[in-house]
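**Q** This structure is in structure tokens; I'll ask about it shortly.
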Amino acid sequence: MLIRALIVLLFVLNLGVAAWWITRPVPEPPLPPELPAGVARLQLVEEPQAKTASPGSDTLSPAVTAAAPAEPQACFSVGPFVDTAAASAALEKLRPQILRSKLREVPGVSASGYRIVLPPAATREEAQANAQRIGAAGFNDFLIMNSGEEINSIALGRYRSRESAERRLSALQAAGFPVQMLPAGRAPPSRWWLDVGATAAADPAGWAAQVGGTVPQSLDCAALR
């Protein structure tokens, strides 16, 4: 009987402890320590970022974004112009209608032909020795220049077509002579072109009358990048 009474007593005590544990009040979490004035609280990465508003306003300020530069709708070459001053004046007239521009020089090319020349020697005697070697190599039609800027050089022919001049050049160079191919006659001066990228409201058809030159030629816009 005594053992049975002890067992019942232990069972009742266990029930009491379990009931107390279940019904006990949840303890309040400890308050964070108070920070000194002017010290910002450490913010974890997982915490949402605070949105800021201007003082005295209930709305958030919109984010500032950089606008992408406008792309030209089409690109053209305008010209030709006789010099850079004329090209710059045309650019000022077209500026409201264009987004990008680049000045381009096209060197003048002689149309009268080509000539093959051995560069000037230091002395007359050296020039004569060069002429003898050229003759001994089987080449004819050459002349030592006696005056002018090319004195003591050797002229080795003048040709209308570039193909004929290049054949003569290759033959002489293959024989070991350092000859050059030069334009015959006086080359015309350079011409200048404006390569431009037009806006959507541009009127390229009227540019020739506005700034002079020929009708604008279409251009790949990649040339302006």
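**Q** Based on this model, can you work out whether G135 counts as surrounded by fewer than 16 Cβ atoms within 10 Å (Cβ to Cβ) and free of Cβ contacts under 8 Å to residues at least 40 places away in the same chain?
**A** The answer is yes for G135.
**Q** While we're here: Return the residue satisfying two criteria in turn: it lies in the stretch 145-162 and is touching a Lys or Arg at 6+ places or on another chain (Cβ under 8 Å) and hydrophobic (A, V, I, L, M, F, W, C), and of such residues it is most open to solvent (accessible area, probe 1.4 Å).
**A** Top of the filtered list is A155.
**Q** With respect to P96, determine if the residue is surrounded by 15 or more Cβ atoms within 10 Å (Cβ to Cβ), within 21 Å of D220 (Cα to Cα) and at pLDDT 70 or above.
**A** Against the criterion (surrounded by 15 or more Cβ atoms within 10 Å (Cβ to Cβ), within 21 Å of D220 (Cα to Cα) and at pLDDT 70 or above), P96 does not qualify.
**Q** How about the stretch 136-225: which strands (runs of 3 or more DSSP E) wholly inside it have at least 2 residues that are in contact with a Pro (Cβ under 9 Å, 6 or more places away or on another chain) and farther than 30 Å from L103 by Cβ?
**A** none
Residues are listed down the side, and each one gets a yes or a no for (1) farther than 30 Å from S88 by Cβ; (2) surrounded by 13 or more Cβ atoms within 10 Å (Cβ to Cβ); (3) polar (S, T, N, Q):
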site: Q128; (1), (2), (3): yes, yes, yes
site: A131; (1), (2), (3): yes, yes, no
site: D141; (1), (2), (3): yes, no, no
site: S164; (1), (2), (3): yes, yes, yes
site: P183; (1), (2), (3): no, yes, no
site: A198; (1), (2), (3): no, yes, no
site: D203; (1), (2), (3): no, no, no
site: W207; (1), (2), (3): no, yes, no
site: G212; (1), (2), (3): no, yes, no
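**Q** Okay, moving on. Consider N152 carefully, then state whether it is on the phi > 0 side of the Ramachandran plot and either among the aromatic types (F, W, Y) or over 38 Å from the mean Cα position of the chain (by Cα) (or both).
**A** Yes.
The values are calculated or read from the model by the stated rules, or taken from the named source; none is laboratory data. The structure displayed is predicted, hence computed values, not measured ones. Note: ideal-geometry Cβ built from the backbone for every residue, glycine included; neighbour counts use all protein chains shown. Areas reflect the complete protein model, heavy atoms only, side chains present, ligands, DNA and RNA absent. Shrake-Rupley method; radii C 1.70, N 1.55, O 1.52, S 1.80 Å.
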